[in-house]
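For reference, the structure discussed in these notes is given below.
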Amino acid sequence: MRYSEKNIDMLTGSLYRSILFFTIPIALSSMLQQLFNAADTAIVGLFDTSSSLAAVGTNGEIIALIVALSSGLSVGVNVLVAQQIGQHKEQNIIPIIRTAMSLAVMIGVAGLIIGQCISAPLLGLIKTPSDILASSVLYLRIYFVSYPFLLLYDFGSAILRACGNSRYPFLALTLSGIVNVFLNIIFVVFFKLGVSGVAAATVLSTMLSALLLICRLKKDTSSFPFALHKCDLYSGSVSAILKVGIPSAIQGAVFCFANIFVQASVNSFGSSAIAGSTIAMNFEYFTYYVITAFGQTATTFTSQNYSAGQLRRCRKILRICLVFSIVSSLILIEPLVIFRNFFAGFFSADQTVIQNACLRILCILFFEPLCNLYEIPAGVLRGTGHSLYPAVATIIGNCCFRIVWIYTVFRHYHQLNILYYAFPISWVLTIILITIGFIAKKAR
């Protein structure tokens with residue numbers, strides 16, 4: 001594989017500079033994506049009806065589940081490629097690329113077909129209000145068409161980042177995001193397509209991002225004869241990818257599955273609560289992606305250095321990522337909390353909706369910096385090949401706890417703020433579990 005001089009060297013030199021310059025494009029990619037998603041929400045909220053906004057919003061956690069499965073599986077690709085670089089076995093990368101992209105197509109097509117079948121039952125399961133059920137199902141079914149292309153983008157992005165190139169995935173996502181907003185304006189404002197227009201814009205822009213990543217991989221490799229009609233699967237690569245990717249995907253999936261229970265509980269308060277929660281979630285994802293960007297950086301840097309036997313450098317990676325991530329998240333979150341009414345007003349003029357958004361901001365977003373204390377150590381553990389324990393700890397702390405909370409404390413009080421407090425409490429529990437596991441692994 002041909003490496004650019006612009007690719008970041010993770011094994012030598014200043015970690016401060018390398019980590020910062022590697023993370024910035026990852027964070028900006030996710031933040032820009034969330035800004036584009038927020039633009040989708042704003043456009044449908046301002047130029048269509050509040051019911052359309054709620055229809056898009058009630059799919060939020062389901063779509064987060066879809067994205068989590070894709071990004072979780074891509075962690076396996078990232079770690080495997082980074083290990084080959086750390087062990088100076090670059091000749092193994094081409095078969096891994098072929099396997100990864102073929103795997104993305106196969107899983108993506110299967111997900112598309114399954115998605116068409118389960119959209120209506122799933123939205124019914126989370127108690128979607130009857131007045132928005134039909135439009136919610138339409139949105140989700142159209143969105144599922146993008147799943148194969150989402151996987152192609154995530155897997156291709158994971159490969160490039162493992163090689164030290166986090167810039168190109170950012171540029172590809174930026175371009176596709178701009179196209180997404182442009183198409184939203186055309187479909188929703190001019191053609192009055194509502195939720196179907198928003199979903200169609202997402203599908204087309206995701207196709208573009210996948211195409212850009214595939215073109216880049218073809219350019220960076222002298223022998224990459226990948227074609228959608230021909231799947232090259234190498235059993236060793238498949239098992240290695242899935243060994244790390246499946247626990248990460250399960251972690252993200254169960255995490256989102258628990259949040260679907262939360263969404264079902266929010267749905268019981270009506271369309272205004274759903275719309276307000278949707279607005280607040282845009283801010284939560286926007287800031288949380290900065291934290292996860294440093295977690296991804298910790299995984300990639302640790303994977304290369306751990307494979308190269310540089311354990312002291314791995315410990316330094318943990319410290320630097322923690323400090324950078326905590327400071328960055330505080331800088332972003334505090335203004336959103338302080339000026340919450342102002343920012344929520346960009347998405348809706350309905351004061352009831354704005355009040356519901358502000359309630360969620362105070363109960364959840366305010367405490368989100370706590371997530372740094374488990375995301376970064378978990379990223380380091382994944383980089384060393386220990387992806388199972390972080391998955392189990394997160395499932396117990398973040399997922400199981402929230403479901404138990406909903407069926408006990410929330411059932412008794414049935415207030416939105418009581419529901420939302422499940423988030424910061426679950427984060428504290430997850431921090432404790434991850435810390436215990438990290439210390440145990442370090443002792444070994």
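See the values below:
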{"item": "Meets criteria (of a type in the set (Val, Ile, Thr) and closer than 29 Å to residue 307 by Cα) for residue 376", "result": "yes"}
{"item": "Residues within region 153-198 that are farther than 19 Å from residue 85 by Cα, assigned to a helix (DSSP H, G or I) and not aromatic (Phe, Trp, Tyr), tallied", "result": "23"}
{"item": "Hey, residue 371 of a type outside the set (D, E, K, R), over 28 Å from residue 24 (Cα atoms) and touching a helix residue (DSSP H, G or I) at 6+ places or on another chain (Cβ under 8 Å) or not", "result": "no"}
{"item": "Selection status of residue 343, of a type outside the set (S, T, N, Q), under 30 Å from residue 53 (Cα atoms), more than 20 Å from the chain's Cα centre (by Cα) and buried (at least 23 other Cβ atoms within 10 Å of the Cβ)", "result": "no"}
{"item": "Single unsatisfied condition, residue 144 versus (1) touching a Gly at 6+ places or on another chain (Cβ under 7 Å); (2) surrounded by fewer than 17 Cβ atoms within 10 Å (Cβ to Cβ)", "result": "(2)"}
{"item": "Lone qualifier among 114, 118, 85, 94 - being surrounded by fewer than 22 Cβ atoms within 10 Å (Cβ to Cβ), β-branched (Val, Ile, Thr) and modelled with pLDDT under 90", "result": "94"}
{"item": "Any chance residue 137 is surrounded by 18 or more Cβ atoms within 10 Å (Cβ to Cβ), modelled with pLDDT of 90 or more, more than 30 Å from residue 9 (Cα to Cα) and within 21 Å of the chain's Cα centre (by Cα)", "result": "no"}
{"item": "Residue in region 184-206 that is hydrophobic (A, V, I, L, M, F, W, C) and under 30 Å from residue 383 (Cα atoms) present", "result": "no"}
{"item": "Hits in region 243-261 - residues which are of a type outside the set (Phe, Trp, Tyr) and over 18 Å from the mean Cα position of the chain (by Cα)", "result": "243"}
{"item": "Elements of type helices (runs of 4 or more DSSP H) contained in region 335-437, each with 3 or more residues being among the charged types (D, E, K, R)", "result": "none"}
{"item": "Scope region 263-282; condition in contact with a His (Cβ under 9 Å, 6 or more places away or on another chain) and part of a helix (DSSP H, G or I); matching residues", "result": "265"}
{"item": "Extreme residue, surrounded by the most Cβ atoms within 10 Å (Cβ to Cβ), among residues of region 352-387 that are charged (D, E, K, R) and within 18 Å of the chain's Cα centre (by Cα)", "result": "382"}
{"item": "Residue match in region 128-141 (condition: farther than 29 Å from residue 278 by Cα and without any contact (Cβ under 8 Å) to a residue 60 or more places away in the chain)", "result": "no"}
{"item": "Residue selected from region 106-152 under the condition not in a helix (DSSP H, G or I) and not polar (S, T, N, Q), by the criterion farthest from residue 65 (Cα to Cα)", "result": "129"}
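The values are calculated or read from the model by the stated rules, or taken from the named source; none is laboratory data. Not measured: the values here are computed from a predicted model. Positions of Cβ are backbone-derived with ideal geometry, glycine not excepted, and every protein chain shown enters the neighbour counts.
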